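Attaching a single structure in structure tokens format; questions to follow.
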Amino acid sequence: MRQKIVAGNWKMNKNMEDGQALTSEIVNMVGDELRDDVKIVLCPPFVYLTALKGIVKENKHISLGAQNCNEHASGAYTGEIAAPMLTAIGVQYVILGHSERRELFGESNELLAKKINIALEHSLTPIFCCGEPLQIREQNTQEDYVGKQIQAGLFHLSPEAFSKIVVAYEPIWAIGTGKTASTDQAQEMHATIRKQITEKYGEDIANNTAILYGGSVKPDNAEELFSCMDVDGGLVGGASLKSRDFVDIAKAFQSSR
Ligand code: PEP
């Protein structure tokens, strides 16, 4: 069985007090409401991670993730955060290759391949984001585009290392826009990604790889999206900032697969 994951990407939002309150609310809600096999990953700004670890503690449903890490383990890289620093404070996941990092901070597939390596070396589970801009979707070349991102960012890994990866397909035209991919569009891309993984690593690994969908996931579309055969959860931006909405998204698994 593939892991079902709902990850919340807070981006550069919330102050410490509001972030702690949001986390406490989520902790209280999931205890009673969440299906046992669903995992929640909270990805707040770096500076809140330690405080939130104190709230999440060893909750079996909830893990913490970072939104980025540097490609080096240590050194003269002013302002950066290294993977082993995250591991040391109890962080288990790291989002890598978010479209905002790619577009606003110029992160290339080659750089992301290095970040993937360092994250895995330090026992972090990468949530590797891929996805096409609107122009590529309009040209109907999204399969090629996303295929190249996955190949360049991940396919240097050994089968053992790849089996630790979580993939997040996030069409850029659906991020923060309120425009969600249709279930057909999501399922089609997820199946294509899984096929590509099968061709490289074989069926067992492909069938065990969690592929999340991201792009305006909300409580009212989560159930439909999560009912797609190859959609194993969501990477959620805006709706992860409201406890009720976020937990309702995670609960969408109750009634689907
Ligand atoms: C995201 O930033 O990864 C994202 C999917 O944002 P939103 O849910 O707000 O579209």
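The values are calculated or read from the model by the stated rules, or taken from the named source; none is laboratory data. This is a predicted model, so every value here is computed, not measured. Counting neighbours? That spans all protein chains shown, and the Cβs are built from the backbone with ideal geometry, glycine included.
Tell me, which residue of region 198-210 that is touching a residue at least 40 places away in the same chain (Cβ under 8 Å) and out of contact with any strand residue (DSSP E or B) (no Cβ under 6 Å at 6 or more places or on another chain) is surrounded by the fewest Cβ atoms within 10 Å (Cβ to Cβ)? Talk me through it step by step, then tell me what you get.
First, pick out the residues of region 198-210 that are touching a residue at least 40 places away in the same chain (Cβ under 8 Å): 200-202, 205, 207-210.
Add one more test, that the residue is out of contact with any strand residue (DSSP E or B) (no Cβ under 6 Å at 6 or more places or on another chain), and what stays is 200-202, 205, 207-209.
Numbers: LYS200: 16, TYR201: 20, GLY202: 11, ILE205: 16, ASN207: 13, ASN208: 13, THR209: 22.
Top of the filtered list is GLY202.
Do any helices (runs of 4 or more DSSP H) entirely within region 1-91 hold 3 or more residues that are within 19 Å of ASP248 (Cα to Cα) and more than 16 Å from the ligand (Cβ to nearest atom), and if so, which?
Working: elements: 16-33, 49-56, 83-88.
Helices (runs of 4 or more DSSP H) meeting the threshold: 16-33.
Do you know which residues across region 55-103 are of a type in the set (Phe, Trp, Tyr) and surrounded by fewer than 18 Cβ atoms within 10 Å (Cβ to Cβ)?
Hit for region 55-103 is TYR77, nothing else.
Let me ask something additional. Of all the helices (runs of 4 or more DSSP H) wholly in region 181-249, which have at least 3 residues that are farther than 30 Å from ALA21 by Cβ and at pLDDT 95 or above? Write out each step before concluding.
Values: elements: 183-201, 203-208, 219-226.
Helices (runs of 4 or more DSSP H) meeting the threshold: 183-201, 203-208.
Report, ordered by the first and then the second residue, all pairs with beta carbons closer than 9 Å, sequence separation of six or more or different chains, a first member in region 211-224 that is within 14 Å of ASP184 (Cα to Cα), and a second member that is more than 12 Å from the ligand (Cβ to nearest atom) and β-branched (Val, Ile, Thr).
From region 211-224, the pairs are TYR213/VAL231; ASN221/THR183; GLU224/THR183.
So in region 134-182, with the set limited to residues that are of a type in the set (Ser, Thr, Tyr) and more than 16 Å from the ligand (Cβ to nearest atom), which one is surrounded by the most Cβ atoms within 10 Å (Cβ to Cβ)? Spell out the reasoning first.
Of all residues in region 134-182, those of a type in the set (Ser, Thr, Tyr) come to 141, 145, 158, 163, 169, 177, 180, 182.
Now narrow it down to the ones that are more than 16 Å from the ligand (Cβ to nearest atom): 141, 145, 158, 163.
Working: THR141: 13, TYR145: 16, SER158: 9, SER163: 14.
Only one residue tops the list, namely TYR145.
Just checking, which of ALA239, ALA252 is within 13 Å of the ligand (Cβ to nearest atom) and in contact with a Phe, Trp or Tyr (Cβ under 9 Å, 6 or more places away or on another chain)?
Values: ALA252 fails: within 13 Å of the ligand (Cβ to nearest atom).
The unique qualifying residue is ALA239.
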